[in-house]
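Data block below; observations after.
The values are calculated or read from the model by the stated rules, or taken from the named source; none is laboratory data. Predicted model only: the values in this text are computed from it and were never measured. We place every Cβ from the backbone using ideal geometry, glycine too, and count neighbours over all the protein chains shown. The area values use the complete protein model at the heavy-atom level, side chains included, leaving out ligands, DNA and RNA. Shrake-Rupley method; radii C 1.70, N 1.55, O 1.52, S 1.80 Å.
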Amino acid sequence: MVHLRLGKWQTVNKQFILTLSIGVTAGFVVAYVLLTPDAIRRIDFHTSQEMAHLAGPTMDPGDHSIEEEFHQMEDREVANRMYNKVRILCWVMTGPNNHEKRAKHVKNTWGKRCNIILFMSSKEDPSLPAVALPVGEGRDNLWAKTKEAFKYVYNNYKDKADWFMKADDDTYVVLENLRYMLLPYKSSEPIYFGCKFKPYVKQGYMSGGAGYVLSREALNRFVEVGLNNSTGCSKKNSGAEDVEMGKCMEALNVVAGDSRDPMGRGRFFPFVPEHHLIPGHVNKDFWYWQYIYYESKEGMNCCSDNAVSFHYVSPNQMYVLEYLIYHLRPYGISFHVDMPQELQDSVLGNLNKTSSR
């Protein structure tokens, strides 16, 4: 009897020691990870899974209207004319769990500068508005969701915009710079733009997270041909959304455009600004350096002065970028922007019409 009790005690004791050892080891590992510089750097996220727990502010940050009188001193003539000349429909990939956590903060910040803004989900939400697509949630359904979203846009809005942009709910987009980039192009051309990657597709494909924008002709070809009888466009639901879109665009003879500025600097970025601005922040063995189509620099010369988008932007950071881009002003410095020739012609045309009446 004593021997049996001793055996049971030894078994329990071993289990206790094993459990204790695992717990202590896990504690040290977690503590070590949290204290390392790499872990601190992971505050800037590389994957959507790492951002899953983030949510935006619970209190409304407001719209900076307290400085409305100051902002009346701005000359927005060029931006306003581009808004009417280069019409952009933005659709944002989201899901029911992110309507409050992320999507509404996109709507409160950069989304309000789209000519039309839609949120593609699996659940309707009139407050955004969110469209309930007949597709389940999850990464395995992103390609199916993208196809359904563009089909919905084509059926309901194809004549109400010139360009059609897909973005994630953790992407921040500067619409004025996107319009400026698109101004020299015609929406009747079969072309699309984004952050171009080089594997898998001969002409390259656009990063899904950085966002990509299709001309009206590209949209037409994608829905009318690609989703119906093109062998180059996958009929499956699964697959990497951006790669599958790239293969489909190439099969439809839609050009993967060069979105760099005249100095060769990128405009669409798959990470937050810090990752591109700070040398060494993204290790050279990281996948990005093998994927990027054009030579990409680190440091202050990484990015165009007319950058369009950044990815993995937290909901709180949306408001930070909103303030820095649209409200912070260095006193005593004026930025004079020459009106592009296309807009000058438009202005002269309107003046001539007015004078002839």
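Counting just the residues of region 289-330 that are among the polar types (S, T, N, Q) and assigned to a loop (DSSP other than H, G, I, E, B), which one comes out most open to solvent (accessible area, probe 1.4 Å)?
It comes out as ASN301.
For region 168-200, which positions are open to solvent by less than 10 Å² (accessible area, probe 1.4 Å), assigned to a strand (DSSP E or B) and farther than 23 Å from GLN317 by Cα?
TYR192, PHE193, PHE197
Spot the failing condition for HIS276; the list is (1) touching an Asp or Glu at 6+ places or on another chain (Cβ under 8 Å); (2) open to solvent by 30 Å² or more (accessible area, probe 1.4 Å), and only one is missed.
Here HIS276 clears every test but (2).
Being among the small types (Gly, Ala, Ser) and buried (at least 22 other Cβ atoms within 10 Å of the Cβ) narrows it down to one of SER230, SER259, so name that one.
SER259
Please specify each residue of region 336-357 satisfying the condition of being out of contact with any helix residue (DSSP H, G or I) (no Cβ under 6 Å at 6 or more places or on another chain) and at pLDDT 75 or above.
Correct list: PRO340, GLN341.
What tally of residues in region 221-253 results from selecting those that are within 20 Å of TYR157 (Cα to Cα) and either touching a Lys or Arg at 6+ places or on another chain (Cβ under 7 Å) or in a loop (DSSP other than H, G, I, E, B) (or both)?
Within region 221-253, residues that are within 20 Å of TYR157 (Cα to Cα) and either touching a Lys or Arg at 6+ places or on another chain (Cβ under 7 Å) or in a loop (DSSP other than H, G, I, E, B) (or both) number 3.
Being surrounded by 15 or more Cβ atoms within 10 Å (Cβ to Cβ) and of a type in the set (Ser, Thr, Tyr) is the filter here; which residues of region 233-245 pass it?
Passing the criteria: only SER234.
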